[in-house]
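The structure appears right after this line, and notes come after that.
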Amino acid sequence: MITDSDIPRYVLFMFRDIFALFSKKKESEDKYDIEELMKFTLTVRKNYRKVPYHNWYHAFTVAHTMYTIIKKNPNLFTELEAIGLYVACLCHDLDHRGRNNAFMVNSSTPLAAVYSTSTMEHHHFNQTITILQNDGHNIFSHLNSEEYKAVLGYIKHAILATDLALFFGNKAKLKAILDSGDFSWNNSIHRALIRAIAVTACDISSNAKPWDINKDTVRVIFEEFYAQGDEEKRQGRQPIPMMDRDLAHELPANQVGFVVGICLPCYELLVRVLPGAQPMLDGIRANLRKWSILVAKQKAVKEKAEAMGLRYPQDCYDTDNVFNAILSEDVDDNTIMQNHIQSKDGTVSKAEENERS
């Protein structure tokens, strides 16, 4: 288990290794100042808030995924692209408040007044620039002015690409280019599109990881979602179903929709250009099967409840524990969900009483 104190060391290792990919060891060490890298890394960590999901650990996992993509697909990205993508992933959620763009706009926050589109993503990028401008934090001090401008452009483009509202347009453009057979690494527009898709793939990569990791990450994601939904209700607004804790029983169906609508198309597109990303596609397909099993099990619970004259979901779950009941279900067991219709104190529920009588 990686601890918070371990993460900076791993981040520094990946920084140095990316530089080393493009030159000999001695030459690579001339491309960075280790003290600047350390200061930059620790300040980035400090500027992530302690929110359930969009925090320093999420930034690390996204950056690690990008590092893996770069390593598993050698000689495709330039040095400036590689380091720009890695830094973008590390900084892509700086100062995230655990609230999405729609919340910022609907709540008329100061940030929304400054950035009307991709509100948080613009803020994350500006936070990155602010850190780079701190004394002793400019990790790109070895670059000339043209290179510096280029790498900042890569970082901004990548961070903005983490706004999922932009994913659909990027996906459609890249897919059309690939389907026509016209994709070329020599085309700057094509390169920009694959960088954008790669960053999206990294940002949502928890969905492609082993089932237990995926499931645990979904738990903290929805903890953050439901907190936003609760705040929206306090403000007199109805949250979208995915962020409404009263609809926690819909979580598996929400996950299937997210995977089918965003994750699967993203990884299917990615591997057409970056074949080294195939394990991510395999992982998302495996997890989709498990989420689909949970949907099927819930359907069985609903049908059973209705046959017994019970309300679904009110009479089928401990209302304070719907979320945990669903996520603790054994997806390798083909029987209907085992954790439904269970009271908090462990006594026989109304459903079981009716079934036994």
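The values are calculated or read from the model by the stated rules, or taken from the named source; none is laboratory data. Just so it is clear, the structure is predicted and the values come from calculations on it, not from any experiment. Here the Cβ is made from the backbone with ideal geometry for all residues, glycine too, and neighbour counts use every protein chain on show. We work out accessible area using only protein heavy atoms, side chains counted, and drop any ligands, DNA or RNA first. Shrake-Rupley method; radii C 1.70, N 1.55, O 1.52, S 1.80 Å.
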Note on region 91-110: residues open to solvent by 30 Å² or more (accessible area, probe 1.4 Å), assigned to a helix (DSSP H, G or I) and touching a Lys or Arg at 6+ places or on another chain (Cβ under 9 Å) are Asn106
Per the list (1) touching a residue at least 40 places away in the same chain (Cβ under 8 Å); (2) outside any loop (DSSP other than H, G, I, E, B); (3) crowded, with 16+ Cβ neighbours inside 10 Å, residue check on Phe183 breaks on (2)
key: Selection status of Lys290, charged (D, E, K, R), closer than 30 Å to Ile69 by Cβ and touching a residue at least 24 places away in the same chain (Cβ under 8 Å)   = yes
Here the qualifying pairs (Cβ atoms under 6 Å; residues six or more apart or on different chains; first in region 97-126 and without any contact (Cβ under 8 Å) to a residue 60 or more places away in the chain; second among the aromatic types (Phe, Trp, Tyr) and buried (at least 16 other Cβ atoms within 10 Å of the Cβ)) come out as His122/Tyr115
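If you take the residues in region 262-281 that are closer than 12 Å to Ile194 by Cα and touching a residue at least 40 places away in the same chain (Cβ under 8 Å), which one is surrounded by the fewest Cβ atoms within 10 Å (Cβ to Cβ)?
Going through region 262-281, the residues closer than 12 Å to Ile194 by Cα turn out to be 266-267, 269-274.
From the residues that got through so far, the ones that are touching a residue at least 40 places away in the same chain (Cβ under 8 Å) too are 266-267, 269-270, 272-274.
Numbers: Cys266: 27, Tyr267: 28, Leu269: 24, Leu270: 24, Arg272: 16, Val273: 20, Leu274: 21.
It comes out as Arg272.
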When region 290-334 is checked residue by residue, the ones that are under 31 Å from the mean Cα position of the chain (by Cα) and small (Gly, Ala, Ser) are Ser292, Ala296, Ala300, Ala325, Ser328
Within region 41-77, the residues that are open to solvent by 70 Å² or more (accessible area, probe 1.4 Å), assigned to a loop (DSSP other than H, G, I, E, B) and within 27 Å of Glu223 (Cβ to Cβ) are Arg49, Lys50
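Can you tell me which residue among Asp17, Asp93, Asp6 is touching a residue at least 60 places away in the same chain (Cβ under 8 Å) and acidic (Asp, Glu)?
Working: Asp17 fails: touching a residue at least 60 places away in the same chain (Cβ under 8 Å); Asp6 fails: touching a residue at least 60 places away in the same chain (Cβ under 8 Å).
Sole residue among the options that is touching a residue at least 60 places away in the same chain (Cβ under 8 Å) and acidic (Asp, Glu): Asp93.
Please work out if Tyr32 is under 24 Å from Thr217 (Cβ atoms) and either of a type outside the set (S, T, N, Q) or not in a helix (DSSP H, G or I) (or both).
No, not satisfied.
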State whether the residues of region 155-175 include one that is closer than 18 Å to Thr78 by Cα and open to solvent by 60 Å² or more (accessible area, probe 1.4 Å). yes
Within region 1-40, restricting to residues that are surrounded by 13 or more Cβ atoms within 10 Å (Cβ to Cβ) and among the acidic types (Asp, Glu), the one that is modelled with the lowest pLDDT is Glu29
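Taking Glu146, is it under 24 Å from the mean Cα position of the chain (by Cα) and not β-branched (Val, Ile, Thr)? Before the answer, list the steps.
Details: under 24 Å from the mean Cα position of the chain (by Cα): no; not β-branched (Val, Ile, Thr): yes.
The answer is no for Glu146.
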Scanning region 221-263 for residues that are in a helix (DSSP H, G or I), of a type in the set (Asp, Glu) and farther than 25 Å from Lys209 by Cβ, the one modelled with the lowest pLDDT turns out to be Asp246
Of the candidates Val301, Val295, Val348, Val331, the one satisfying the condition of being assigned to a loop (DSSP other than H, G, I, E, B), at pLDDT 70 or above, at negative phi and of a type in the set (Val, Ile, Thr) is Val331
Q) Can you spot a residue in region 68-84 that is touching a Phe, Trp or Tyr at 6+ places or on another chain (Cβ under 7 Å), of a type in the set (D, E, K, R) and either under 25 Å from Asn144 (Cα atoms) or in contact (Cβ under 8 Å) with a residue 24 or more places away in the chain (or both)? A) yes
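Do the conditions hold for Leu80, that is, is it aliphatic (A, V, I, L, M), surrounded by fewer than 23 Cβ atoms within 10 Å (Cβ to Cβ), modelled with pLDDT of 95 or more and under 30 Å from Phe22 (Cβ atoms)?
Spelling it out, Leu80 is indeed aliphatic (A, V, I, L, M), surrounded by fewer than 23 Cβ atoms within 10 Å (Cβ to Cβ), modelled with pLDDT of 95 or more and under 30 Å from Phe22 (Cβ atoms).
Yes or no: region 237-257 includes at least one residue that is open to solvent by 30 Å² or more (accessible area, probe 1.4 Å) and under 30 Å from Ser180 (Cα atoms).
yes
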